[in-house]
Amino acid sequence: METNTATTTTDFVVQKELDGNIFELDKKNKITKISWYGKVDVKIASDLLNRAGDAVEFDGFTKLLVDRRKLDEFDTEARVWIKDLLKTRAKRIARKVDKVALINAKSSMGKIFSNMMATAISLILPNMKMKKFDDYDEAEKWLLE
C-alpha cells in the first residue's frame, strides 16, 4: 500500500524585500510566503500583503506561509490597514486559499500582535484553514499535505 507523505520540497524565490521583510513565491507548490521582520509599518505591510493578494487572486496561489519569527510588531497604522484588508479584499479571495500556516513570533510583542492578527482572521474568515506553528519545517510540511 502506497502512502502519501509530504516532504519539504519548496522552492521559494524572493520577489520583494523591504527592510528585512520578504515576499517570496514557490510557483511549483503554489505557496505565497511573507517573512515579517522588526517593526512593520503600513507601507511595508500594504506592499507585501497586496502582493500576496495578487498572487492568490490573479495567479492561482492557494497556500500562504506567514513567518512571524522575527516580527517585533506592526505599528498602529499597519494594524488598522490589515484589519480593513481582512474585511474587504481578503474576505473576497479567501475561498481561493486552501491553507494558511502561521509561524509564531518569538518576541513578546511579536506574539501579541501575531495572536491578534490570527484572532482577527479567524473571526472575519471563520472557514479559513489556518494553523499556528512554532517550527518552520512543520508549517511547510502541513501546507504540502
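The values are calculated or read from the model by the stated rules, or taken from the named source; none is laboratory data. Everything numeric in this text was worked out from a predicted model, so none of it was measured. Here the Cβ positions follow ideal geometry from the backbone for every residue, glycine too, while neighbour counts run over all protein chains shown.
Some notes on this structure:
- Being touching a Ser or Thr at 6+ places or on another chain (Cβ under 7 Å) and either crowded, with 18+ Cβ neighbours inside 10 Å or free of Cβ contacts under 8 Å to residues at least 12 places away in the same chain (or both) is a property that does not hold for Leu49.
- Flag if Leu86 is in a helix (DSSP H, G or I) and either surrounded by fewer than 20 Cβ atoms within 10 Å (Cβ to Cβ) or in contact (Cβ under 8 Å) with a residue 24 or more places away in the chain (or both): yes
- Looking across region 18-42, the residues that are touching a residue at least 24 places away in the same chain (Cβ under 8 Å) and of a type outside the set (A, V, I, L, M, F, W, C) come down to Asp19, Gly20, Asn21, Asn29, Lys30, Thr32, Lys33, Ser35, Tyr37, Gly38, Lys39, Asp41.
- Residues being of a type in the set (Lys, Arg), modelled with pLDDT under 90 and under 16 Å from Lys63 (Cβ atoms) are entirely absent from region 100-115.
- Among residues of region 58-81 that are over 17 Å from Asp11 (Cβ atoms) and in contact (Cβ under 8 Å) with a residue 24 or more places away in the chain, those with a beta-carbon under 8 Å from a residue that is among the polar types (S, T, N, Q) and assigned to a helix (DSSP H, G or I) at least six positions away or on a different chain give the pairs Arg68/Ser114; Leu71/Ser114; Ala78/Ser46; Trp81/Ser46.
- Only a single item in (1) in contact with a strand residue (DSSP E or B) (Cβ under 6 Å, 6 or more places away or on another chain); (2) assigned to a helix (DSSP H, G or I) is not met by Leu64, and it is number (2).
- Residues of region 82-116 that are more than 19 Å from Lys131 (Cβ to Cβ) and touching a strand residue (DSSP E or B) at 6+ places or on another chain (Cβ under 9 Å): Ile82, Ser107, Met109, Ile112.
- Only residues that are touching a strand residue (DSSP E or B) at 6+ places or on another chain (Cβ under 9 Å) and over 22 Å from Leu144 (Cα atoms) were counted in region 117-132, giving 1.
- Across region 20-53, the number of residues qualifying as under 22 Å from Ala94 (Cβ atoms), more than 11 Å from the chain's Cα centre (by Cα) and of a type in the set (Asp, Glu) comes to 2.
- Residues of region 116-145 satisfying the condition of being modelled with pLDDT of 90 or more and assigned to a helix (DSSP H, G or I): Tyr136, Asp137, Glu138, Ala139, Glu140, Lys141, Trp142, Leu143, Leu144
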